[in-house]
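Here is the structure we will look at.
The values are calculated or read from the model by the stated rules, or taken from the named source; none is laboratory data. All of these numbers come straight from a predicted model, not from anything done at the bench. For neighbour counting, all protein chains shown are included, and Cβ atoms are generated from backbone atoms with ideal geometry for every residue, glycine included.
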Amino acid sequence: MKTTPFTDIHIQLGAKMADFAGYNMPIEYPTGISREHQIVREGVGVFDVSHMGEFWVKGDKAIDYLQHITTNDVNKLTPGKAQYTCFPNGKGGIVDDLIIYQYSTTKFMLVVNAANIEKDWAWCVDHNTYGVTLENASDRMAQLAVQGPKATEMLQKLTYLDLSTIPYYSFREWSFAGCQPVILSNTGYTGAGGFELYFDPKDAITIWNALFEVGKEYGLAPIGLGARDSLRLEKGFCLYGHDIDDTTSPIEAGLGWITKFADGKDFIDRDLLWKQKTEGVSRKLVRFELQERGIPRQGYEICTAEGAIIGHVTSGIMLPTTKVGIGMGYVQKAYAAPDTSIYIKIRDKLLHAKTVK
């Protein structure tokens, strides 16, 4: 398995390690997933996300290229701004979801999911008919996500850059903990606020140690991928390979807001997705809460009260905070409206659930 600059630290801290996307990653620490979830919601936690992929796109045709291979409108970006988007796969599905960072009109960074780095890189290269320069920098960049309501205040102690001047989905390159350049991005996957930091792997230990030194007064704790999953699901964020994949369209997944049909934006699958947007789809991704005690799991059947199958669960957990079972799944569109009663089949028993916003 591959390692990150922080792998030895995770092991020393007693983390439960596992293979994730080919990397030896911490799933949880001795504190446990429930406590880690609570720490991020109430204070501040740090995630090692150095396994994520980063690609550079450079050249005079960079915008034209990105307009073609992604669904969102890249023309809406300005230097210092980031944008959530996806690669349509030419068959109505999704190659991957990603974030685009604009440095200038001729320089962009793409951040892609760890499990899809090779697939995404091949996709980007194969569709480069615009003469742009592509660079896979995934192995030359480390990343930490510092998340929680106390994250910004804590991070401010390590940089002279006024972090309050960086809006949501914006970024700056600056000095941080005596290291530079560090990308400080007001983004995250938890719904708890905070920043994602990108930096040279040689600076990894310096930055980690600095974070935990200033983090003492804030109760900073390392957080594993288990709580990362529960936090994103509580927020309702999609996870590639679960809630979206090569068989799901962004329209079905409720990602119409990142699927823009701007004039002159001739992107892959435009006609197909426009048809779905205007004529509707047969299924939709919903969020739901169990009304009875139980834990929904990926693959479980979603049914009517009579037991007729109307869909399947794509993600599910019991929330560490409320002990309520929540999940996401695709259902027939007739059952997709908020506050609709559905039933999750768990061990041959139908448990009542309701769809929620």
Right, residue 74: farther than 17 Å from residue 223 by Cα and free of Cβ contacts under 8 Å to residues at least 40 places away in the same chain or not? yes
If I go through the range 142-175 residue by residue, how many of them are more than 24 Å from the chain's Cα centre (by Cα) and either touching a residue at least 60 places away in the same chain (Cβ under 8 Å) or surrounded by 17 or more Cβ atoms within 10 Å (Cβ to Cβ) (or both)? 3
Of the residues in the range 93-129, those that are free of Cβ contacts under 8 Å to residues at least 12 places away in the same chain and touching a helix residue (DSSP H, G or I) at 6+ places or on another chain (Cβ under 6 Å) number 0
Within the range 185-235, count every residue that is in a helix (DSSP H, G or I) and hydrophobic (A, V, I, L, M, F, W, C). 12
Of the conditions (1) in a strand (DSSP E or B); (2) surrounded by fewer than 19 Cβ atoms within 10 Å (Cβ to Cβ), residue 182 fails just one. Which one is it? (2)
Could you tell me which residue of the range 73-127 is surrounded by the most Cβ atoms within 10 Å (Cβ to Cβ), considering only residues that are assigned to a helix (DSSP H, G or I), out of contact with any Gly (no Cβ under 7 Å at 6 or more places or on another chain) and hydrophobic (A, V, I, L, M, F, W, C)? 74
Let me spell it out: the conditions are (1) in a loop (DSSP other than H, G, I, E, B); (2) closer than 20 Å to residue 50 by Cα, and residue 242 meets all of them except one. Which number is the exception? (2)
Going by the conditions given, is residue 285 assigned to a helix (DSSP H, G or I) and surrounded by 15 or more Cβ atoms within 10 Å (Cβ to Cβ)? no
Checking the structure you have, find out if any residue of the range 265-272 is within 30 Å of residue 193 (Cβ to Cβ), outside the structural domain of residue 112 (by TED's automatic domain parsing) and either touching a residue at least 60 places away in the same chain (Cβ under 8 Å) or surrounded by fewer than 18 Cβ atoms within 10 Å (Cβ to Cβ) (or both). no
Quick check on my filter: what residues within the range 178-231 are touching an Asp or Glu at 6+ places or on another chain (Cβ under 6 Å) and among the hydrophobic types (A, V, I, L, M, F, W, C)? 179, 183, 223, 227
Out of all the residues in the range 16-42, which are surrounded by fewer than 19 Cβ atoms within 10 Å (Cβ to Cβ), under 13 Å from residue 226 (Cβ atoms) and under 18 Å from the mean Cα position of the chain (by Cα)? 20, 27
